[in-house]
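The values are calculated or read from the model by the stated rules, or taken from the named source; none is laboratory data. Bear in mind the structure is a predicted one, so any value in this text is a computation, not a measurement. Neighbour counts are summed over all protein chains in view; Cβ atoms, including those assigned to glycine, are modelled from backbone coordinates with ideal geometry. Heavy atoms of the whole protein, side chains included, go into the accessibility calculation; ligands, DNA and RNA do not. Shrake-Rupley method; radii C 1.70, N 1.55, O 1.52, S 1.80 Å.
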Amino acid sequence: MADDIRRWSDELARDPSSLVFLHLGEALRRQGQLEVALKIALRGLERHQRNVAAHDLVARIAVDRRDFARAFVEWELVLRIEPDHIGAMKGLGYLCFHQGRVDEAEQYLNRAAAGGAGSDVKNALNMLRRTSGGVSLSAVESAVAARAPVNDRQYLFADQLLDEAQTALLLDASGFVLAGVYLDSDGDNVSSDVGAQLSGISDEVRRAARHLDLGEWKAITFETHAAVFAMAPVVQDNLIVIAASRATPLGLLRRLLERCGAFAADWLAGTTPENK
């Protein structure tokens, strides 16, 4: 992580308009360097005022600093820009509960659940409904604000991605899902279907690259009406696939691909904490 922070800091110094500030700010937040993280995030936000991930980052840093008023404002801004942003709904649900506004908390969590949020939101809703607000703050905070358990392969890449609109899948050569999850617009898990569609694609891309005398393929990106995708081979003919909203800059998409690909390689080799 220290090497990543140094590299991202150098890149941001070279290009202050780079979106790498999102990676840097999040890494600093996780290390507890909240004041520095906030400074980086706010400087980035000045240059990218309608960037949803930037507002979300500032909100999460604000929560860690116990500045709940700032977090509330930032997540409300996120929903104005992207009304279906699940992370903002979850965050506002937690904040409302923290302030004793249980009905509003339930409304936000219901919206998040309807938008395809995972079991953490459903668990939080169940606690709210069972106890009529008598549940402890820590229980809702852990259910709403915490990330999914690292030993759940569906959420293996949760810490590598920047927001809820991004997803990553790790597939083997036959299209079997090794890790990650892909949810459609209805919130259904279609990871296996995606894997089946991409079964054998590495061989096809490799043949096309050789036919065109391009050498070994390293990565490919493409755009659909719904999202942008990037994929790259990982060790032993496995495949990492990244999907993000169409508004995602291709440079950021490539960085996510590299980051998740490297993490997948370490995980397959058994060298990440999730494998220990």
When the accessible area of segment 6-116 is computed with all protein chains present and a 1.4 Å probe, what percentage of it is carbon and sulfur?
-> 47
Between residue 47 and residue 101, what is the spin-label point distance in nm, taking each point 7 Å from the Cα along the Cα→C-beta axis?
-> 3.4
Efficiency of FRET from Cβ geometry, residue 221 and residue 10, R₀ 25 Å, rounded to 0.05 | 0.50
Return the distance in nm (one decimal) between the two label points of a simple spin-label model at residue 31 and residue 193, each offset 7 Å from Cα along Cα→Cβ.
-> 4.2
Between residue 246 and residue 70, 0.36 nm times their residue separation minus their Cα-Cα distance comes to what?
-> 60.5 nm
What is the distance in Å between the Cα centres of segment 200-256 and segment 19-46?
-> 29
If you wrap a convex hull around the C-alpha atoms of segment 26-121 and split its volume per residue, what is the figure in Å³?
-> 92
